[in-house]
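Below is one structure, written out as structure tokens; the observations come after it.
The values are calculated or read from the model by the stated rules, or taken from the named source; none is laboratory data. Predicted model only: the values in this text are computed from it and were never measured. Cβ placement follows ideal geometry from the backbone for every residue including glycine, while neighbour counts extend to all protein chains displayed.
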Amino acid sequence: MSFKSLALLPLFFVHGSLAPVHAQGGVQNFCILGANGARISASGSASFSANGGSGDLVLHAAPIAPGTPGLFFFGDAVHQPLPFGQGYSCLGGTLHRLAVVFPAAGQSASSFALDYLDPASAAAQIAPGSTWYFQFWFRSGGGFDLSDALKVQFLPPFPLVGASTVAEGAHSAHPLATQPTGGIVLVENATDWAGLWAQHATSLPASPPPFVDFTVDAVVAVFAGWRSSSGYEISVQSLNLSVAALDVGTLETTPGAGCGVLTVLTQPFQFVRVPRVPALFLRDWRRGSMAQQCP
């Protein structure tokens, strides 16, 4: 996926200094923060392969004062930041408004689930391959303010690059490893990582877990489940990201006819370090298998 079309877009200001735009899957921030410092973000999926494309992408704006009305609006063009109310307008072309929203009780964020199949008008139809730009307008004192802006590319998931193996092997004591169907876990902080490693470790005392910098990475842990012999392996073959929705594909290698194996219980596993994005979550796990060819 290329973001070259954003080369002419402005950087946004953070505490008075220039900061680079931040890529989050099919999403990229730009424009300048308003007086209240509200930022716009997205969670979920901008992929039309998820649930037919209806209501998969959720827009968020924060901080928004409790009880403050606001609305997300979007267009198909951008321009340089122009002062507008207490913020800056960066969207051009024909603009389309979404429904008025309020922060939930006790919350300082407003959200809206975008339904691709129910556009504000025929001109606002969100289709596969289209790109739209979003901002959030909200009341502020006796006037109004705007968030920064967000570019969303509505495309199929794209490969997540930069993954690397943290650990792999044939023996694990983790509960998911000791059941036939196995399982998958997304780990996003050091506490959960230490807990998973303590359950997984087969030696006593357990060795400390490999270091992972959870400020920039997360860990995907896949367990094939228990197997009745040696010769089994599991490996992550694909990682596809749509905004914050992560699809994982694994391949389990099994012993084929004529392969010499040991009659011993095994629990194949692999832990993979992946670049993290805000609100990352596992959406789909696709499992494949292939028999080894032995002479």
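Here is how the numbers come out for the structure above:
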quantity: Of residues in the range 244-257 being touching a strand residue (DSSP E or B) at 6+ places or on another chain (Cβ under 6 Å) and part of a loop (DSSP other than H, G, I, E, B), the one surrounded by the fewest Cβ atoms within 10 Å (Cβ to Cβ); calculated: 256
quantity: Among (1) on the phi < 0 side of the Ramachandran plot; (2) surrounded by fewer than 19 Cβ atoms within 10 Å (Cβ to Cβ); (3) part of a loop (DSSP other than H, G, I, E, B) - the single one residue 277 does not satisfy; calculated: (2)
quantity: Residue 289 surrounded by fewer than 21 Cβ atoms within 10 Å (Cβ to Cβ), assigned to a strand (DSSP E or B) and of a type in the set (Gly, Ala, Ser); calculated: yes
quantity: Scan of the range 130-163 for residues that are more than 21 Å from residue 244 (Cβ to Cβ) and part of a loop (DSSP other than H, G, I, E, B), ordered by number; calculated: 141, 142
quantity: Subset of the range 79-102 (residues that are touching a Gly at 6+ places or on another chain (Cβ under 7 Å), surrounded by 18 or more Cβ atoms within 10 Å (Cβ to Cβ) and under 18 Å from residue 140 (Cα atoms)); calculated: 87, 88, 101
quantity: Subset of the range 103-143 that is closer than 13 Å to residue 69 by Cβ and surrounded by 17 or more Cβ atoms within 10 Å (Cβ to Cβ) - its residue that is modelled with the lowest pLDDT; calculated: 112
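Matching residues to (1) in a strand (DSSP E or B); (2) in contact with a strand residue (DSSP E or B) (Cβ under 8 Å, 6 or more places away or on another chain); (3) surrounded by fewer than 18 Cβ atoms within 10 Å (Cβ to Cβ):
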| position | (1), (2), (3) |
| --- | --- |
| 165 | yes, yes, yes |
| 168 | yes, yes, yes |
| 211 | no, no, yes |
| 222 | yes, yes, no |
| 259 | no, no, yes |
